[in-house]
Amino acid sequence: MAHAFSKEGPSGWSCGKCGQPLGPVSVNVEYMGSSFLVELPGCPACGTVLVDAELALGRMLEVEKLLEDK
């Protein structure tokens, strides 16, 4: 199930489902048997986490390539 997020003025993002402003949440990200604890914007009501395109196509892609090269 996909959740939409909306940009809430200059202050930040809000959850499209709950309407709550996103705040920092700790998320356990797993890939190829490795686990990483990262802080991402998330909804305090439903727990949905936002991974923006810059993070997904930038830093996460770099880490993915490093892990695949091992």
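Please treat every number below as a calculation from the coordinates, not as lab data. Computed from a predicted structure; not experimentally measured. With ideal geometry, Cβ positions are generated from the backbone for all residues, glycine too; neighbour counts draw on all protein chains shown.
Return the residue satisfying two criteria in turn: it lies in the stretch 24-59 and is among the aliphatic types (A, V, I, L, M) and more than 17 Å from residue 14 (Cα to Cα), and of such residues it is farthest from the chain's Cα centre (by Cα).
32
Looking only at residues in the stretch 35-55 that are assigned to a strand (DSSP E or B) and among the aliphatic types (A, V, I, L, M), which one is surrounded by the fewest Cβ atoms within 10 Å (Cβ to Cβ)?
By that ranking, first place goes to 37.
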